[in-house]
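I have placed the structure first, in the form of structure tokens, so that the comments after it can refer back to it.
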Amino acid sequence: MTTMVQQSDRSAIANGLLASLRVLKVLIMIVRGLWLARLPYARWMPARRDEAIIAWSRQMLQALDIELVVRGAARPGPKLVVANHVSWLDIVVINAAVPSRFVSKAEVQQWPVVGRIVTAAGTLYLQRERRRDAMRVIGLVSQALQEGDTVALFPEGTTGSGHQLLPFHANFLQAAIDARQPVQPMALAYSEPGHAVSRSVEFVGDTTLMQSLWRVLTARGLKVELTILPLQAVDHADRRALATLLASQIEDSLTHRAG
């Protein structure tokens, strides 16, 4: 019994030291993010902005010791990125490969520090408690696409366990149809030693952001695979049929990976 307690204590100490080191690295990246947010970021040329987003996002994943594997490539130019939603990490992962403006719940704008960074990145905020606000944001997404931006969203509307997709909501796909810009589906899959679907990145149920962050900070061998699927045209598309098609493509990719 004493040996087991000692081993448990050593494990707790090791996890604490690992988390402390990663916290330091993450804080450095947050400071860099705030520094970027204070620069005339909006006036930069798109290529320069994209380079800065990719660099910062990849360095953040490195700070968390998360291995990133990207399969496929996205089409240059405006598009609507659609992906399954597993974790708050999804935004960092997608930006590490395809810099995007995200649609997010309005509460994120009020988060200390993080809110300033994501706002500077051009996030489009949705007041979810206002039913009609979705129409406003759909218009903003369509406008952004027409102006040449890449916009990303998660049609599930909330995070899932990573084992299976939640139903896709079709409303925001109308923005791509209205703007006549294609949709770029992507599949996100997190794993860790002993678990093909990572438990450490789960952000479901009653899990708080701090609990999720601690699990990520103390996890070992985390890996995320971002599979960029073929571009989907939206000419004469019906948004509900499009949502069904995209969900099927993403689910097939995740199933093929698991198999």
Item to check | Scope segment 206-259; condition more than 30 Å from Ala179 (Cβ to Cβ) and in a loop (DSSP other than H, G, I, E, B); matching residues | outcome: Asp206, Thr207, Thr208, Ala219, Arg220, Gly221, Leu222, Gly259
Next on the checklist: Among the residues of segment 48-62, are any over 19 Å from the mean Cα position of the chain (by Cα), farther than 19 Å from Pro155 by Cα and at pLDDT below 90?
Outcome noted: yes
Item to check | Inter-residue pairs, beta-carbon under 9 Å, first of a type in the set (Gly, Ala, Ser) and in segment 229-247, second part of a helix (DSSP H, G or I) and surrounded by 14 or more Cβ atoms within 10 Å (Cβ to Cβ), 6+ apart | outcome: Ala237/Leu173; Ala237/Ala176; Ala237/Ile177; Ala237/Leu245; Ala243/Leu173
Item to check | Neighbours by Cβ (under 9 Å, 6+ apart or cross-chain): first from segment 178-203, within 17 Å of Leu64 (Cβ to Cβ) and outside any loop (DSSP other than H, G, I, E, B); second open to solvent by less than 10 Å² (accessible area, probe 1.4 Å) and charged (D, E, K, R) | outcome: Leu188/Asp90
Checklist entry - What are the residues in segment 188-244 that are open to solvent by 70 Å² or more (accessible area, probe 1.4 Å) and under 21 Å from Val81 (Cβ atoms), if any? => result Pro230, Asp235, Asp238, Arg240, Thr244
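Name the residues in segment 105-115 that are open to solvent by less than 30 Å² (accessible area, probe 1.4 Å) and of a type outside the set (A, V, I, L, M, F, W, C), would you?
Across segment 105-115, the qualifying residue is only Gly115.
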Next on the checklist: Can you confirm whether Val118 is on the phi < 0 side of the Ramachandran plot and either open to solvent by 20 Å² or more (accessible area, probe 1.4 Å) or in contact (Cβ under 8 Å) with a residue 12 or more places away in the chain (or both)?
Outcome noted: yes
Item to check | Of all residues making up segment 60-104, the number that are among the small types (Gly, Ala, Ser), closer than 16 Å to Ile228 by Cα and buried (at least 19 other Cβ atoms within 10 Å of the Cβ) | outcome: 5
Checklist entry - Given the conditions (1) modelled with pLDDT under 90; (2) within 20 Å of the chain's Cα centre (by Cα), and given that Val137 satisfies all but one, which numbered condition is not satisfied? => result (1)
Checklist entry - Quick one: Ser161 ticks every box in (1) assigned to a helix (DSSP H, G or I); (2) of a type in the set (S, T, N, Q); (3) touching a residue at least 40 places away in the same chain (Cβ under 8 Å) bar one, so which box is it? => result (1)
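Just give me the residues in segment 92-115 being assigned to a helix (DSSP H, G or I) and either without any contact (Cβ under 8 Å) to a residue 40 or more places away in the chain or over 10 Å from the mean Cα position of the chain (by Cα) (or both), in sequence order. Steps first, answer last, please.
Residues of segment 92-115 assigned to a helix (DSSP H, G or I): 92-95, 106-110, 114-115.
Within segment 92-115, Val92, Ala106, Glu107, Val108, Gln109, Gln110, Val114, Gly115 meet the criteria.
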Item to check | Neighbours by Cβ (under 8 Å, 6+ apart or cross-chain): first from segment 59-77, closer than 28 Å to Met45 by Cβ; second part of a helix (DSSP H, G or I) and at pLDDT 95 or above | outcome: Leu61/Val93; Leu68/Arg58; Leu68/Leu61; Leu68/Val93
Next on the checklist: Cβ-Cβ under 6 Å, sequence separation 6+ or interchain: first residue in segment 205-217 and touching a residue at least 60 places away in the same chain (Cβ under 8 Å), partner part of a helix (DSSP H, G or I). Which pairs?
Outcome noted: Leu217/Ala19; Leu217/Arg22
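The values are calculated or read from the model by the stated rules, or taken from the named source; none is laboratory data. Since the model is a prediction, treat every value here as computed from it, not as a measurement. All Cβ positions, glycine included, derive from the backbone under ideal geometry; neighbour counts span all protein chains shown. All accessible areas refer to the heavy atoms of the entire protein, side chains included, with ligands and DNA or RNA removed. Shrake-Rupley method; radii C 1.70, N 1.55, O 1.52, S 1.80 Å.
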